[in-house]
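See structure below.
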Amino acid sequence: MIQVVCIKQVADTETRVKVGADGRSLDPVGVTWILNPYDEFAVEQALRVKEKLGAGEVIAISLGGAGVQSTLRNALAMGADRGIHLKHDGPAPDSLAVARALAEAIQPLGAGLIWLGKQAVDDDAAQVGPMLATRLDLPCVTAIATFELGAETVTVEREIEGAREVVEARLPAVLTTDKGLNEPRYASLKGIMAAKKKPIEERAASLGEMNLEVAALMLPPPRAAGRIVGEGVAAVPTLVKLLREEARVI
Amino acid sequence: MSLLVFIEQRDGKVRPVAREALGEATRLAATLGGPVVGVCAAASDPGLAALGEAGADRVLLAANDRFATYDGEGYAIAVEAAVRATQPAVVLFGGSAMGKDLAPRVAARLGAGLAADCTHLEIEDGRLTATRPVYAGKALQKVRFPRTPALLSLRPKVFAAATRAGTGAAVEALAVTLPAGEPRARVQRVSAVAGGKVDLTESEIIVSGGRGLKGPENFPLIEELAGALGATVGASRAVVDAGWRPHHDQVGQTGKTVSPKLYVAVGISGAIQHLAGMSSSRCIVAINKDPEAPIFKVADYGLVGDLFEVVPALTAEVRKLNAHG
């Protein structure tokens, strides 16, 4: 089976956000770029499926500037077979534009499973997976926490408020991955060396028209300075009194 | 122009996010004008007429046995049909597990822009402008729409539901043509998670534990405090990665972003990715033995001390308060 994993390069979660000169995007100075953590679960699960089937191909695809090639190499070092780089420079496109470009590139590949992280930890939109599935006219299950491969179906669980849905989807399907699905492997030295020789195909991204305009990126208003109520058990009654009478939250 | 609101129901009960979205639609309608119309996909009417009091002028019901559980493709077709029938300027979804899955499908079907997980909507220079947290709340993005309809999902528990006395909503059948045959993705069953606990994103009070607890065997301290406060238990990434707590308990950038009225952080130092996920809480309490811990910078009330002494004392004090009202 051919599997496609859509991955995104994002700022490391330890990044302190600074607003860039355009007032609309992250200041990239000093930022460490990583493979989106939720996408690691997607790459890992695709590799496990390939290992289980003993055959097939895992294709990693990413959209962005020249920098995303290092993120594609991360996926190749984990074990993906080849990469596709959809080239786009300039401001980050909206989710629907990305889904359109991905759909156009993925459609001819004949993939049985298409994987994405449930969201990217930069824009937190959680949109591209179900948008891509809709564009490809494929069934989709988002934010899966378990995965079981059947002959012509997959059975997965997704967390909803206070419960879990057990969903069966027919193949081919689009799945987005949540934390807890698996424990992503670290790339081995051998894998890192092998990744350098694996092919990355470059082509222009067909984004189409924009569907959302970013007017501004701002830092949230700082929280008003709090106070230390006291030390140790002796301060507990004061704390409870403040929560009850000042903050009125209990 | 009308405003369309997706009415989320589960097991025949309208979910709170639907009333929150109706409340915001009513406020927008005061500026934009137009009726507020709901659209609901369900096996049967979950009592939609009562949503008049929450701000709906009328509600379109797509009734189908297939809609007894969530069906992303079918629900998206139903909402698309409602958009075609009502030509709304704005379509609102609750940003719940269902809304997060559904709204992008509808947006892709319509070729429309979607602003996800919004925390504030306003009309600026005559244009709808949405504010949404990005980087798990480390920053806020303001977005606008080049075309109508504008699709938005609203973060749960941020927007207030409205109440209008005595008006019922007209409920009208919405004809929806679904593809023949079984759905390609089908919910087979819904299993409640252990203890039927309230989801972190819907909790009024959260008590989270971190590495300061020293081991999973000490989490009962957190659970007892949470029990006394009527709170849900959360956790830092460190303790989830160590396997002390399940993944769905994690608060922070690779876990849940939460905004409860009270967040109690116990033995959590306050890594930047954790602060991102909880700093929009209304009131934050930090209990930590290190007075220099970054968590104290965002805490409204800090208590420096040994959590193994402080937490049981706090639990006892809250219980005392509960007993005396």
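Each value in this text was obtained by applying a stated rule to the coordinates, not by laboratory testing. Computed from a predicted structure; not experimentally measured. Quick reminder, even Gly has a Cβ in these numbers, built from the backbone with ideal geometry, and neighbours come from all protein chains shown.
FRET efficiency for A:Arg203 and A:Glu183, Cβ-Cβ distance as r, R0 = 30 Å, nearest 0.05? Please report the intermediate quantities before stating the final value.
On the way: r = 33 Å, r/R0 = 1.11.
According to the calculation, E is roughly 0.35.
Contact order normalised by length for chain A, with contacts defined as Cα pairs under 8 Å and 6 or more residues apart; what percent is it? Write down the numbers at each step before the final one.
Numbers: 480 pairs, mean separation 61.0, N = 250.
Worked out over chain A, it gives 24 percent.
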Legend entry - Loop GluC sites (Glu not before Pro), region A:165-250 (other Cβ atoms within 10 Å of the site Cβ: 16 or fewer; DSSP): A:Glu209, A:Glu246
Legend entry - Cα long-axis angle, helix B:307-324 against chain B (0 to 90 degrees, to the nearest 10): 60
Legend entry - Rounded if a/c under 1.5, otherwise prolate or oblate - the protein assembly as shown, Cα gyration tensor axes: oblate
Inset, instruction - Please give, to one decimal in nm, the separation of the simple spin-label points placed at A:Ala66 and B:Lys261, each 7 Å out from Cα toward the Cβ. - result: 5.5
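Note the direction-averaged projected area, equal to a quarter of the hull surface, for the Cα convex hull of chain B, in nm². Each step should come with its number before you reach the end.
Values: hull surface 73.8 nm².
That works out to 18.4 nm², a quarter of the Cα hull's surface.
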Legend entry - Gyration tensor (alpha-carbon) shape descriptor, region B:207-261, a/c threshold 1.5: oblate
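Have a look at the DSSP beta bridges in the protein assembly as shown and tell me what percent are antiparallel, nearest 5.
Percent antiparallel among DSSP bridges in the protein assembly as shown is about 35.
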Legend entry - In order through region B:140-156: 3J(HN,Hα) via Karplus (6.51 cos²θ - 1.76 cosθ + 1.60), integer Hz, x for Gly, Pro: 10, 10, 9, 10, 9, 10, x, 9, 9, x, 8, 9, 9, 10, 10, 4, x
Legend entry - Where labels lie 7 Å past Cα in the beta-carbon direction, separation of A:Val166 and A:Ala55 in nm: 3.1
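Test of understanding: given chain A, find the longest segment containing no trypsin sites (Lys or Arg not before Pro) that are in a DSSP loop and have at most 13 other Cβ atoms within 10 Å.
Details: sites that count: A:Arg16, A:Lys196, A:Lys197, A:Arg248.
Formally, the longest exposed-site-free interval is A:17-195.
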Legend entry - Surface/4 estimate of mean projected area, convex hull on alpha-carbon atoms of region A:2-204, nm²: 11.7
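Starting with the fewest neighbours, write out A:Met193, A:Met210, A:Met131 ranked by other beta-carbon atoms found within 10 Å of each beta-carbon. Mind showing how you got there, number by number?
Values: A:Met193 11, A:Met210 15, A:Met131 30.
Ascending Cβ contact count within 10 Å gives the list A:Met193, A:Met210, A:Met131.
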Legend entry - Label-to-label distance, nm, for residues given as A:Trp33 and B:His120 (7 Å Cα→Cβ offset): 3.2
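Among DSSP beta bridges whose residues both lie in region A:1-155, state the antiparallel percentage, nearest 5. Present the calculation step by step, with values, prior to reporting the outcome.
Details: 6 of 22 bridges.
In region A:1-155, DSSP labels about 25 percent of beta bridges as antiparallel.
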Inset, instruction - Measure nothing fancy, just the Cα-based angle from helix A:68-78's long axis to the longest principal axis of chain A, in degrees from 0 to 90, nearest 10. - result: 80
Inset, instruction - Output the relative contact order of region B:3-173, whole-number percent, from Cα pairs under 8 angstrom with separation of 6+ residues. - result: 30
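Antiparallel DSSP bridges in chain B: what percent, to the nearest 5?
Details: 13 of 58 bridges.
If we restrict to bridges inside chain B, about 20 percent are antiparallel.
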Inset, instruction - Jot down the per residue volume, in cubic angstrom and as a whole number, of the convex hull over the alpha-carbon atoms of region A:1-41. - result: 83
Inset, instruction - From the P(r) of region A:68-165, can you give the percent of Cα pairs sitting at distances over 20 Å? - result: 49
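If you keep only loop residues by DSSP, which GluC sites (Glu not before Pro) in region B:174-230 have at most 16 other Cβ atoms within 10 Å of their Cβ?
Working: sites: B:Glu202, B:Glu204, B:Glu217, B:Glu223, B:Glu224; in loops: B:Glu204.
Passing both the DSSP loop test and the Cβ count: B:Glu204.
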Inset, instruction - Between A:Ala247 and B:Val198, take the C-beta separation as r, use R0 = 22 Å, and let me know the FRET efficiency to the nearest 0.05. - result: 0.60
Legend entry - Ratio of Rg to Rh over region B:3-173 (Cα coordinates, Kirkwood Rh, two decimals): 0.94
Legend entry - C-alpha long axis of helix A:37-53 to longest principal axis of chain A, angle in °: 40
